[in-house]
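J.: Okay, here's the structure, questions in a sec.
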Amino acid sequence: MFVKRPVFLSLISLSCAAALALPAARSGAQVPAPPLPANPQAPTLAPVVPLGMQRGTKLELTLTGTNLAEPTGLWTSFPAKVTIPTDANNGKDNAKLRVVLEVHANAELGFHSLRLATTRGMSNLRPFCIDDLPQVMEEATNHAASTAQAVKVPCVVVGRADAEVSDYFKVSVKAGQRLSFDVLGRRLGSAFDPQLQLYDAQGHELSGGHSNDAPGLQTDPRLTYTFKEAGDYLVEVRDVSYHGGPDFHYRLRIGDFPCATTPYPLAVKRGSKTKVAFAGPAVEGVAAVDVAAPSDPLIHTLWLAPKGASGLHGWPVALALSDLNEVTEQEPNNELAKATRVQMPCGVSGRFLEKGDVDHYVFALKKGQRIAIEAQTQEWFSPTEVYMVLKDAKGGQLATNNPALPPRIDYTAPADGDLVLAVEHLHYWGGPEETYHLTIAPYEPSFDISVRLDRFDAAPGGTFSTPIFLTRREFAAPIEVSVLGSPNLTGKVTIPATAAPNPAAPVATLTVTVKPDAQMGPMPFLIQGKATVAGKTVVRTATARSVLNLTLANLPYPPPQYETNLGVAIKLKPPFTLAAKFDAPQTMPGQPITATVTAIRTPGFVDEIVLGVAGLPPTVKPMLKNIPKGQNEVKVQFVPVPKAPPGQFGVTFTGRARFQGADVSANTTPVSLVLALVPFDLKVEPALLQLATGAKAKLKVTATRRTYQGPIVVEVRNLPANVSATKATIAQGQVVAEVEVTAAGNAVAGNKADVQVAGIATAAGNATRLSPNFTLSVLKK
C-alpha cells in the first residue's frame with residue numbers, strides 16, 4: 001500500500017489545445033475527409049525513436065524520414081535546448097538528421113510532440129514523451145525467455161515489436177515488492193496492439209499477471225502486481241496477433257508508481273480552485289491535489305501526474321476545463337427519492353464503483369425550456385459506457401439516449417417542474433476506473449471548424465492559405481476565423497451566415513501573412529473561430545483530425561492538443577513574388593478555365609520558376625506549366641471533370657526555384673475558382689403558345705450565357721399527345737434559336753402547362769438546363 005502523502009501535480013497548459021472533443025465517428029458528425037496534400041518538398045518524419053526521454057537529461061536523437069536536409073530548427077511542445085550538430089555533414093542527408101535535446105528537470109510529464117523545419121517546409125507532427133523514469137533501449141537478443149534482457153527498476157524500456165516474436169525483460173524484486181507495468185504503444189499512434197504477461201523464473205505464468213486491453217487505455221495493457229517471493233521474474237511484451245514492424249514501437253514503464261485512468265472530478269470550471277483526486281485501478285494513498293484552473297478560454301485541458309509514495313509518477317491523466325459550474329455526485333443517490341439535486345446549467349462528475357450502480361440527479365425546468373444532456377467518457381479517456389433515462393418527478397420515463405449513438409438526450413419540458421436523470425453503466429459494470437461526466441444545460445446552437453492540412457511554409461513578408469471547413473448545429477450566424485499563437489502571423493476571414501456546411505468543399509479560405517522580419521525556422525500556431533451564439537461569445541479551435549488519422553494510425557482518441565497543433569516553416573525570402581488571376585469569373589463541369597500566373601522578379605534573378613497548386617478539389621485537373629527562364633508570365637489551364645460538383649475553391653499557386661544554393665518558394669494569395677452548375681439560363685417566348693390542330697407555330701428560345709459559350713441543342717419536352725417539335729441549335733457564341741412546333745390533325749384540344757425547353761451543352765459533357773414551364777394550348781381548327 002502507498003503511504004498517504006502530498007501528490008506532485010504536473011500541469012501542462014496547452015496554449016494550442018482544444019477541448020477534449022469527440023472524434024467525428026464518436027460524436028455523430030461525419031467522418032473526417034482525407035487531408036489535403038502537403039508540400040512534396042517538405043520534410044516527413046518517421047516515428048521519433050526512442051519516442052521520449054527522461055527529464056533533466058541530454059539526449060542525441062537521430063531523426064529519420066524524407067527531405068530532412070537543410071534543417072532550420074526543431075520545434076518541441078516542451079521547453080528544451082535544441083542543437084543541430086554540424087559535424088560529419090549532418091544536415092545534408094535527406095534520410096536522417098542528428099539533433100541534441102536538453103530538457104529541464106522540471107519539464108512537464110506526459111504526451112508532447114516534435115516538428116522539424118527545413119529550408120523547404122515543415123514536417124508532420126510526431127509524438128514524444130517526457131518521463132521521470134530512466135530510459136533503457138531494448139536489446140536485439142531478447143526474443144526468447146532464456147535471453148531475456150535484464151533491466152533495473154524503475155525504468156522505461158524503449159522497444160519495437162517484430163512479427164511472430166515476443167520481447168522478454170527480466171526484473172529482480174524483493175518479497176512483497178509492488179510494481180506497475182504500463183505499455184505506451186497504441187496511445188502513441190503506433191499500429192501496435194500490445195499485451196503483457198508476467199512469468200516466474202521457471203516460465204510459469206503468474207496468476208493476475210496478464211493484461212491486454214486495460215480500461216481507458218485504447219488497447220494498451222497495464223497492471224500492478226505484488227510479488228510474494230523475492231527473485232527474478234520475466235515480462236513478456238508482444239502484439240496480440242504477433243504483428244510487428246517499423247511502426248510497432250512502444251515504451252514499457254516499470255516501477256512502483258500509481259496507475260490512474262482519469263482525474264476525479266473529470267472537469268473543473270475555468271478560474272476556479274478545486275481539489276482533484278485520481279480514479280483508477282491503483283491510486284491508493286494518492287492524495288487529492290489543489291488545482292488553480294486558468295481562465296484562458298484557449299486552454300481546454302490540464303494534464304495531472306499522480307505521484308506515489310515511492311516518489312515516482314504514474315502517467316498523467318487529462319482534466320477538462322469547463323465554463324459551467326462543476327459538481328460531483330453525492331452518494332447515496334441510487335434511488336429516485338435520494339437523487340442528487342443539481343442547479344442547471346452544470347457539469348457533473350460521477351462514478352460507478354459497484355456493478356449495477358444507478359445514479360440519480362434532479363433539477364428544475366420551466367415550461368418550454370429545451371435542454372441538452374450529454375455524457376463524456378471514452379473521449380475523456382474513461383472506459384465507461386453510459387445509459388441515461390430522463391424521468392418525471394414520479395419516475396415516469398420521458399426520454400432515453402440511443403445506445404448506438406453518443407449518449408445524448410434532447411428534451412423540451414411541457415410544464416414547470418422537477419425532472420430526474422437516471423445514469424447507469426450500459427453493461428452494468430462497475431469499478432474504480434468507471435467514471436463519467438455529464439453536461440446538463442439549455443440547448444444552444446453551435447459550430448465546429450476544421451482544416452485538412454496542419455503544416456505550411458512561407459517566406460518573411462509572404463503568405464500561406466488554408467481552406468476552412470464547417471459543421472453547424474442549428475446555428476446560422478457569421479463566424480470570424482483568425483490565426484493566433486504567434487505575433488509574426490496575422491490573418492482573418494469571415495464565414496458568412498449563409499455558408500452551408502459541405503464536407504467536400506470549404507466555406508472559406510484563410511490567408512495568413514508572415515511579418516517581413518520573421519526569423520527562419522519552425523513556428524507553431526492555431527486557428528480560431530469566434531461567433532455570437534444566443535448572445536454569448538463562443539470560441540472554437542480548428543482541428544486537423546483528418547491529418548492525425550494518417551499520422552497516428554487512426555488512434556480513436558489522441559491527446560487533444562495534437563488535434564489543433566499547426567505549424568509553419570519560415571523560409572528564406574525568395575527573389576520573386578507571384579500573383580494569379582483566373583481569366584473568367586467562373587466555369588462549369590467539363591468546361592476548361594485558364595489562369596494567368598505572373599512573377600515579379602528581383603533584378604538579376606532570371607531562373608525558371610516551377611509552379612505547383614493547392615486548394616483544388618480532386619475533380620479539377622490542373623495542366624501545370626512552369627514560368628520559363630527569363631519570362632514573367634504563364635497560362636495554366638484547369639479542367640473540371642464533367643460531373644464535378646459545384647463550389648467555390650480558394651486556389652493557391654506556389655513557385656519554387658533555387659537561389660543562393662537553397663530552395664526558395666513563394667505563394668500567391670488565394671484566387672477564387674467557381675464551379676457553377678448553371679452554364680446558362682433559357683427563356684421561351686411566347687409564354688402561352690396557341691396552336692390549332694393541323695397547324696404549325698414558332699417558339700423563340702433565348703439563352704443567357706454564364707460560363708458556357710459553346711453550342712446549345714434545344715428540344716421541347718412534355719408535349720401533349722400528337723404534338724411534335726423540331727430540334728434546334730444555338731450556335732457557339734450566339735444566344736437565340738427558333739423551334740417549330742406542329743399539332744397533328746388528331747391532337748386533342750386543351751391546355752398543357754408543364755411544357756419545357758431543354759438546353760444541352762454538347763461541348764460540356766451534355767450538361768442540361770431546363771427552361772421555366774410554359775403553356776401550350778391546342779385549339780380545334
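J.: With in contact with a strand residue (DSSP E or B) (Cβ under 7 Å, 6 or more places away or on another chain) and either within 28 Å of GLU284 (Cβ to Cβ) or of a type outside the set (Val, Ile, Thr) (or both) as the only criterion, which of ASP213, ASP182, ASP162 stands out?
T.: Of the residues listed, the single one that is in contact with a strand residue (DSSP E or B) (Cβ under 7 Å, 6 or more places away or on another chain) and either within 28 Å of GLU284 (Cβ to Cβ) or of a type outside the set (Val, Ile, Thr) (or both) is ASP182.
J.: What pairs come out if I take residues in the stretch 108-131 that are at positive phi and pair them with residues that are buried (at least 24 other Cβ atoms within 10 Å of the Cβ) and among the hydroxyl-bearing types (Ser, Thr, Tyr) whose C-beta lies under 9 Å away, six or more apart or interchain?
T.: Close Cβ pairs satisfying both conditions: GLY121/SER665.
J.: For GLY271, are the conditions met, namely being over 21 Å from LEU51 (Cβ atoms), under 28 Å from the mean Cα position of the chain (by Cα) and part of a loop (DSSP other than H, G, I, E, B)?
T.: yes
J.: For the stretch 730-753, indicate whether the set of residues that are touching a Gly at 6+ places or on another chain (Cβ under 6 Å) and without any contact (Cβ under 8 Å) to a residue 60 or more places away in the chain is non-empty.
T.: Yes; the residues of the stretch 730-753 include at least one that is touching a Gly at 6+ places or on another chain (Cβ under 6 Å) and without any contact (Cβ under 8 Å) to a residue 60 or more places away in the chain.
Conditions (1) open to solvent by 60 Å² or more (accessible area, probe 1.4 Å); (2) within 30 Å of GLU444 (Cα to Cα); (3) not in a strand (DSSP E or B), marked per residue:
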position	(1), (2), (3)
GLU284	yes, no, yes
PRO297	yes, yes, yes
LEU302	no, yes, no
LEU321	no, yes, no
GLU331	yes, no, yes
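J.: Same structure again: Hey, among the residues in the stretch 476-493 that are closer than 27 Å to ALA372 by Cβ and more than 21 Å from the chain's Cα centre (by Cα), which one's least open to solvent (accessible area, probe 1.4 Å)?
T.: By that ranking, first place goes to ALA477.
J.: Can you pull out the strands (runs of 3 or more DSSP E) entirely within the stretch 356-460 that have at least 1 residues that are closer than 30 Å to GLY655 by Cβ, among the β-branched types (Val, Ile, Thr) and under 23 Å from the mean Cα position of the chain (by Cα)?
T.: Answer list for the stretch 356-460: 446-450.
J.: Among what's in the stretch 22-66 and is among the basic types (Lys, Arg) and modelled with pLDDT of 95 or more, pick the residue that is surrounded by the fewest Cβ atoms within 10 Å (Cβ to Cβ).
T.: Looking only at the stretch 22-66, we keep the residues that are among the basic types (Lys, Arg), and these are 26, 55, 58.
When the remaining residues are screened for being modelled with pLDDT of 95 or more, the result is 55, 58.
Details: ARG55: 18, LYS58: 13.
If we take residues in the stretch 22-66 being among the basic types (Lys, Arg) and modelled with pLDDT of 95 or more, then LYS58 is surrounded by the fewest Cβ atoms within 10 Å (Cβ to Cβ).
J.: Looking at GLN378, GLN343 in this structure, which one is modelled with pLDDT of 95 or more and exposed (fewer than 15 other Cβ atoms within 10 Å of the Cβ)?
T.: GLN343
J.: Considering every residue within the stretch 715-723, establish whether at least one is assigned to a loop (DSSP other than H, G, I, E, B), over 30 Å from VAL636 (Cα atoms) and open to solvent by less than 30 Å² (accessible area, probe 1.4 Å).
T.: Within the stretch 715-723 (the criterion being assigned to a loop (DSSP other than H, G, I, E, B), over 30 Å from VAL636 (Cα atoms) and open to solvent by less than 30 Å² (accessible area, probe 1.4 Å)), the answer is yes, since at least one residue qualifies.
J.: Just the residues that are in a loop (DSSP other than H, G, I, E, B) and in contact (Cβ under 8 Å) with a residue 24 or more places away in the chain, please, taken from the stretch 512-543.
T.: LYS515, PRO516, ASP517, ALA518, GLN519, MET520, ALA534, ALA542
J.: Among the residues of the stretch 133-149 satisfying the criterion of being open to solvent by less than 50 Å² (accessible area, probe 1.4 Å) and of a type outside the set (A, V, I, L, M, F, W, C), which is nearest to the chain's Cα centre (by Cα)?
T.: My answer is GLU138.
J.: Still on this structure, I have one more. Please verify whether GLY567 is outside any strand (DSSP E or B), of a type in the set (Gly, Ala, Ser) and open to solvent by less than 40 Å² (accessible area, probe 1.4 Å), treating the condition exactly as stated. Give the steps one after another, and end with the answer.
T.: Numbers: outside any strand (DSSP E or B): no; of a type in the set (Gly, Ala, Ser): yes; open to solvent by less than 40 Å² (accessible area, probe 1.4 Å): yes.
No.
J.: Please state which of the following conditions ALA676 fails to meet, knowing it meets all the rest: (1) in contact with a Lys or Arg (Cβ under 8 Å, 6 or more places away or on another chain); (2) modelled with pLDDT of 90 or more.
T.: (2)
J.: Something else now. How many residues does the stretch 92-125 contain that are of a type outside the set (Asp, Glu), out of contact with any Cys (no Cβ under 9 Å at 6 or more places or on another chain) and part of a loop (DSSP other than H, G, I, E, B)?
T.: 12
J.: How many residues, within the stretch 203-252, are outside any loop (DSSP other than H, G, I, E, B) and over 12 Å from ASP193 (Cα atoms)?
T.: Of the residues in the stretch 203-252, 19 are outside any loop (DSSP other than H, G, I, E, B) and over 12 Å from ASP193 (Cα atoms).
J.: Identify, please: which residue in the stretch 748-759 is modelled with pLDDT under 95 and open to solvent by less than 30 Å² (accessible area, probe 1.4 Å) and is, among those, nearest to ALA703 (Cα to Cα)?
T.: GLY759
J.: So which residues in the stretch 618-647 are crowded, with 17+ Cβ neighbours inside 10 Å and in contact (Cβ under 8 Å) with a residue 60 or more places away in the chain?
T.: GLY647, the sole residue that qualifies.
J.: Could you please let me know if GLY159 is touching a residue at least 60 places away in the same chain (Cβ under 8 Å), open to solvent by less than 30 Å² (accessible area, probe 1.4 Å), within 30 Å of LYS307 (Cβ to Cβ) and touching a Lys or Arg at 6+ places or on another chain (Cβ under 9 Å)?
T.: It is true that GLY159 is touching a residue at least 60 places away in the same chain (Cβ under 8 Å), open to solvent by less than 30 Å² (accessible area, probe 1.4 Å), within 30 Å of LYS307 (Cβ to Cβ) and touching a Lys or Arg at 6+ places or on another chain (Cβ under 9 Å).
J.: Please specify each residue of the stretch 657-704 satisfying the condition of being open to solvent by 10 Å² or more (accessible area, probe 1.4 Å), under 22 Å from VAL620 (Cα atoms) and assigned to a strand (DSSP E or B).
T.: Listed by number, the residues that qualify are ASN667, VAL671, SER672, VAL674.
J.: Another question, then. Just need a number here: residues in the stretch 570-593 that are open to solvent by less than 10 Å² (accessible area, probe 1.4 Å), among the aliphatic types (A, V, I, L, M) and modelled with pLDDT under 90.
T.: 1
J.: Looking at the stretch 171-221, which of its residues are closer than 22 Å to VAL151 by Cα, touching a helix residue (DSSP H, G or I) at 6+ places or on another chain (Cβ under 7 Å) and small (Gly, Ala, Ser)?
T.: GLY203
J.: Determine, yes or no, whether ALA175 is outside any strand (DSSP E or B) and open to solvent by 40 Å² or more (accessible area, probe 1.4 Å).
T.: Against the criterion (outside any strand (DSSP E or B) and open to solvent by 40 Å² or more (accessible area, probe 1.4 Å)), ALA175 qualifies.
The values are calculated or read from the model by the stated rules, or taken from the named source; none is laboratory data. What you see is a predicted model; the values in this text were computed from it and never measured. Here Cβ is always computed from backbone atoms with ideal geometry, including for glycine, and neighbour counts include all displayed protein chains. Calculation scope for accessible area: heavy atoms of the full protein, side chains included, ligands and nucleic acids excluded. Shrake-Rupley method; radii C 1.70, N 1.55, O 1.52, S 1.80 Å.
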